[in-house]
1. Quick check on the chain: helices-only [θ] at 222 nm, where DSSP H runs of length 4 and up contribute -39,500 (n - 2.57) each and the sum goes over total residues. Nearest 500, please.
2. With θ taken as phi - 60° and the coefficients 6.51, -1.76 and 1.60, list the Karplus ³J(HN,Hα) couplings across region 66-77 in order, rounded to whole Hz; mark glycine and proline as x.
3. Counting residues in region 10-139 as N, plug N into 2.2 N^0.38 Å and put the Cα Rg over that result.
4. Projected onto the charge dipole of the chain (+1 at Lys/Arg Cβ, -1 at Asp/Glu Cβ, origin at the Cα centre), which of 235, 56, 175 gives the Cα projection farthest towards the positive end?
5. State the percent of C-alpha pairs, over all pairs in the chain, separated by a distance greater than 32 angstrom.
6. Can you count the Lys pairs in the chain with C-alpha separation below 19 Å, eight or more apart or on different chains?
7. What's the extension gain from residue 244 to residue 143 if we count 0.36 nm per residue and subtract their Cα-Cα distance?
8. May I ask for the Rg/Rh ratio of region 103-204, computed from Cα atoms with Rh as the Kirkwood radius, given to two decimals?
Amino acid sequence: MSKVMQGNFIYINWEQVNNLVISYGVTTADFVNGIPSVPQRLVLIDQQNEGNQVNNHTRFQTVSGQSAAREFLLGKSAGPKMWLDYHEVDDLDLLMPSEIAELLYMAHMKTHYHLPLYSKLQNDYAYLATTEGFVKVYYRNLRTFNHILDISLKRHLRLLHSNRWMMFNRPFSVSDVPDDLFQQLSAVFSEGVIFAFDQAVERRRRYLIPIRLQEHPERQNWWRDRMDVYETSRQVATLSYDVEAKRWALEITDETPFIEDEIDL
């Protein structure tokens, strides 16, 4: 099993054409806390994790019931979790052999053969975790990811703050990231964005978090440690949080990628 890197950072690579977000540092708990509601039914495609039922048509294990789904998603497992949600009890019985084969291919290769957002399943997500710590999620509505990222950014900031001020152990409330700031950031999500919390500094009760672009997003699989992450990226902006005013802000220091990608969008 591959070793997962240590570090307080978030990596985002957003493939709009495939409704796919590749991330690192966004936990399953961030996902569960950020989606509108936990699915009622999951089909597990990795052939390792144990569900609470088996679908006779596909031979996939399933998890039924919202509380059972939440427990599965947040619980520990032998290997990376790979699953899709589905809407009705008999939806899986409608899958063709070729579609079942696509799901097996996706679990094995960690990528899609055809886009895994099926009208038959009415699934909102297809979730693929990897042994390297990356997570690939296909979203029916990509905007759902903004709330998940908001949850994750706030958690990483609280982690940074608690490590700095551990002896005081005071409650630290963090405001939501504003929509207009997400709008600015989304212009470079397709470039491979790193929120470098472990390179952050604190000045006058403001946390300054470097935002870096991965120069070759396809090389993310070659990362072995934190130095790989930062040696192959460059800073283009700073995300800040004012502790007193409870306000997020974004300062762009290299406008080129933001302008170029706004044109693409």
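1. About -8000 deg cm²/dmol.
2. 4, 5, 5, 5, 4, 5, 5, 5, 8, x, 7, 8
3. Taking the Cα Rg and dividing by 2.2 N^0.38 Å, one obtains 0.97.
4. 175
5. Values: 9348 of 34980 pairs.
The share of Cα pairs beyond 32 Å in the chain comes to 27 percent.
6. 9
7. Working: separation 101, 0.36 × 101 = 36.36 nm, distance 2.93 nm.
That works out to 33.4 nm of additional length.
8. Values: Rg = 17.6 Å, Rh = 16.6 Å.
When Rh is taken as the Kirkwood radius, the ratio is 1.06.
Every read-out reported here was derived from the displayed coordinates using simple, explicitly stated rules and does not represent laboratory data. Predicted, not measured: the structure shown is a model, and the values here were computed from it. All Cβ positions, glycine included, derive from the backbone under ideal geometry; neighbour counts span all protein chains shown.
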